[in-house]
Amino acid sequence: MINLEINGKKITANEGDTILRASLNNDIYIPNLCDDKRLRPYGGCRLCIVEVEGQARLMAACSSPAVDGMVIQTETPKLKKYRQTIIELLLVHHPLECPECDKAGECNLQDLAYEYGKPESRFIRSRKTTKSDIRGPLIELTSRRCILCGKCVRICSDHQGRGAIGLIGRGFPTVVQPAFGETLECDYCGQCLDVCPTGAILSKPYKFTARSWFLDEQDSICPFCGVGCTLTLGIREGKILRARGEQGKGVNDGNLCGRGRFGIDYIYSKKRLTTPLIKKGEEFVTASWEEALAHVAKSLTNIIKKYGPAAVGAIGSPRCTNEDNFALNKFIREVVGSDNIESSAAFGYEKVQKVMTAAFGTNNHPVNLESPLGKEIIFAVESDLSVTHPIFGLKILEATREGSRLITADSRETKLTRHSADWLKLMDGTSVALLNGIMHVITEDDLFNKETVTGIANFDTFLASLKEYTPEKTAELTGVPAAKIIETAKALAAAKSRLITLSLSLSENTKGSAAIKAAANLVNLLGEGAESLQIPAEYSNTYGSYNSGLRPDSNKPGKGLKEMLYDSESFLKAIYIMGEDPVINFPNSTAVTEKLKSLDFIVVQDIFLTATAKMADVVFPASSWGEKSGTFTNASSIDQEVLKLVDPTGQSVSDWMILKNLSLTMGSDLGIKKLADIQHELKSYHEKQKAPEGVKAFLTVHHGPAEEIDSRFPFKLVIRDILQHSGSMSTRSKSLDLVISEALLKLNTEDAERLAIRDSSHVKLSSKNGEIYLKAVISEDVPMGTVFVPSHFPYARINTLTQLTPEGDAVIAGVNIEHAGKSS
Amino acid sequence: MSLKVDEIIGVVSSVLDETQKKRGTLIHAFQEIQKEQNYLPEEELVKLSKELDIPMSDVYSTATFYKQFYFTPRGRKIVKVCTGTACHVRGASKVMDALKNEFNVGDGETTEDLAMTLESVGCIGCCGLAPVATINEGIIGEIDSPKLSKMIEDIKED
């Protein structure tokens, strides 16, 4: 810590802070236009000039380090005069279009002009008049308003690791543009919108919707991934118009990805459900709440009477709040009396928890979003965290900038592979073999932690299981050269600190429990604790819903998703589905559809008429995120409040309220009158859930080819996430739809040539489970014999092709590709 | 194209990290490409961006900063007409206009058959000879009507 004096106030600052940083941290404002704490000092705008005692010249606070004992003045008549001149010069060219500029009212340049500007400029020259570049989706570049601070360019390349725009040209005609003046094609994170100090970069969806001073801004938690970023939402006349990130708030500290920033308009989709629906014959008819609730109550009661409560099951949602899920949990257990309940976490995060518990003996495994920082090695295994959890991905990039060595194992180029020191290009679905191969080298060379492994169960069996994974054999299985495997193993073993990170979710099929087991083994072998393995929960409330009772109790005979939806045994007669679309989102949708068809009664409460809802007997319209209050628990186990910001759509009602009303109709009282009652009870429920800690163990796993690829289905179908979407919710966002609106099948150039498939032509994709039609895109990024497809788009029905293993993993399926028109 | 980064930047390479080294070779690479191709074709810059792992926008941004790099094919004869103060006074604009009309190109443009590129430049440092123009390396001074006709013939001659 160092001591300085600014404007007569004694302050302390961190060693290495700039004067500006030290000053802002102590709530002393110094005008600036080109500084951002996420970026390196730039010294472009010169507005942050200050007077330092003993220095003859003025210093730019943003690029001068604070020194112990400095005495600084930030507001003197001299500085005022200088700053006036700078603003005057900026305003020579900057067009004064404030009346028609969306930035007005929250524009740094406007604010500073108001504070320092003079009504008459001494300089007269033409103002910039270039037209706005409105070609790209979501983001509009208006270079005539640009003051060339370069913040957008720097945040894009230095912070986001993207580099989509540059300062093109020199001097007066310089513009911010993509290379060659092409249309902006980027991650659409919109970070440039937040950092732009003028109206040069503006959001297209928000354009001309509200003057900033009419916006009521409130903070809530993003409904998409498990990071749980704080969104600052601009609301006007009962409508959410935009989201932005604000520094100093939430786990994201002002960073946002495109999903959170642009995707929340899904709540205004025209396809939202507005009234309860009851199926009469083949058709749905609209019904009143009373009618629908009475119908469900009667039907469920009958089924319980006839078959017993165990014939009823429920599926909860990682998209719904803790309160919603806990209400469902209470409903199914207390009112129905069944214990059959689970959520899609069964295909994702639940596996992570189970493996972590088995391997480390601990119970809860929140991630630490700061964990990448300061690690010597970060090893990302077949996971693109900058896509699945973009803000966690940013932390990994930040760590690499600060000197961490990033090693990625992935089959295709991703943002992480681009920023890694080493990219192990492995074949899809072979991470178990790779990890075993790495551990083979570590054990053979005696590089593991001998003190700690003795205390971990099953070491000998585990050791024996690694024997066959010689570097040569592993190279053959994974496609990664043997030398690389040895090098990585040695680097991992020699590092002083390491982080192994993966993602595991419903929307990918390249790895399952086995990969996590192997990663956990590696961590145990190196003598590290569970904190060295970071696997974030997938959706906004996956972590919270999992801990709100969305799983069968271990000491009761309850059934999970696998038994309910996939087992041939037909104990289930009725199912209550809240905020989930199993027909689209779960593997092997043919099996799921068959199972649902066989049921006597299906209730779905959702915000959209999903494919599953279409099969229901009764559909309840639920209020979406933003229309109801509650809490989300993010992947690092932080409970965060989600606010009701706008009125519910149509007659929709909060999920927990629907369940409360249904319980009342069924003659039971859940003991809930208001939201606080659930929260109170949830708290004591969490207390009770704390189980004693177990022991550490090695969990022997082997590489198994996911599914036989035979001559009938010669291609490997790889399902991975894409940046602009998260589950199927985001596909209802008008804004995100502008960026990517359809599931495209990516296949290798040579494969396409061999099959005579042209770019953008329609193809038929078939597996032993079914067939779908997609548009094909030819790409060099895809390995031979593999096809990539994202799972997000409901209409594409990717899960028609997928398969669920007995272990509950969705695995790479064998598929065949043909011209859509060809008869088979 | 393979870039021998260390070779290009010499002794300095020992004090730079890999990223800095790559950035440091950009200008050399531009010069090499331009020497071979006469300009910087988009596909070459894309290759360079991949090879050096520098975003395309950054590569393009750097290239556009320097006036010496071109992004469209250039003519076999580069005609530079000095429009500095002395030449301006002595009628550089007439020379420029005559060449524009004759070859049907604007300032900075190249004829369709890639025969010539016309450019106006600032002072080329021999004001005593105003008005001055250059064709590739050759200098033509004190341009008058006959000299201009001769110049046009020279340019047309392949």
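Readers should treat all values here as calculations from the given coordinates under stated rules, not as data from a laboratory. Worth saying up front: this structure is predicted, and the values here are computed from it rather than measured. Note that each Cβ is placed from the backbone with ideal geometry, even for glycine, and that neighbours are counted across all protein chains shown.
Before moving on, here are some points about what is shown:
- Restricting attention to the protein assembly as shown, close to 55% of DSSP beta bridges with both partner residues there are antiparallel.
- Dipole of the protein assembly as shown, positive end: most advanced residue of A:Leu645, A:Thr510, A:Pro223 [Cβ charges, Cα centre]: A:Leu645
- Among the listed pairs A:Lys298/A:Lys559; A:Lys351/A:Lys395; A:Lys573/A:Lys716; A:Lys425/A:Lys746; A:Lys298/A:Lys673, those beyond 27 Å (Cα-Cα): A:Lys573/A:Lys716
- Residue-wise HN-Hα couplings along the range A:573-584, as the Karplus relation 6.51 cos²θ - 1.76 cosθ + 1.60 with θ = phi - 60° gives them from phi, are 10, 9, 9, 10, 10, 10, x, 9, 10, x, 4, 8 Hz; Gly and Pro carry x.
- Amide H within-cut-off set for A:Ile201, under 5 Å, with H built and near neighbours excluded: A:Thr142
- Average projection, convex hull of the Cα set of the range B:5-65: 4.1 square nanometres.
- Karplus-derived HN-Hα couplings along the range A:294-302 (A = 6.51, B = -1.76, C = 1.60, θ = phi - 60°), whole Hz, x at Gly and Pro: 4, 4, 5, 4, 5, 4, 5, 4, 4
- For the range A:125-268, radius of gyration divided by Kirkwood radius, i.e. Rg to Rh on alpha-carbons: 0.97
- Each DSSP beta bridge with both residues in the range B:77-156 is either parallel or antiparallel, and the antiparallel ones are about 55%.
- R0 of 30 Å, Cβ-Cβ distance A:Arg401-A:Ala483: FRET efficiency to nearest 0.05: 0.60
- Histogram of C-alpha separations across the range A:368-534, 5 Å bin width, %: 2, 9, 19, 23, 22, 15, 7, 2, 0
- Couplings for the range A:437-446, taken from phi via the Karplus curve 6.51 cos²θ - 1.76 cosθ + 1.60 with θ = phi - 60°, read x, 5, 5, 4, 4, 4, 6, 4, 8, 6 Hz in order; Gly and Pro are left as x.
- Its Cα gyration tensor gives the range A:563-631 an equivalent ellipsoid. The semi-axes, each the square root of 5 times an eigenvalue, are 24, 12, 11 Å from largest down.
- When only alpha carbons of chain A are considered, Rg and Dmax amount to 28.5, 92 Å.
- Looking at the range A:476-629, the pairs of alpha carbons with a distance over 20 Å make up 65% of the total.
- As a ratio to 2.2 N^0.38 Å, the alpha-carbon radius of gyration computed for the range A:2-75 takes the value 0.97.
- Simple label model, 7 Å out from Cα along Cβ direction - A:Leu738 to A:Ser684, nm: 5.1 nm
- Amide proton proximity set for A:Leu599, modelled H, under 5 Å, gap of 5+: none
- Here the scattering of the range B:34-80 is modelled by Debye summation over its C-alpha atoms, one equal scatterer each and no solvent; at q = 0.27, 0.31 Å⁻¹ the log10 of I(q)/I(0) is -1.05, -1.24.
- Taking only alpha carbon atoms, the range A:680-725 gives an Rg to Rh ratio of 1.28, where Rh is the Kirkwood radius.
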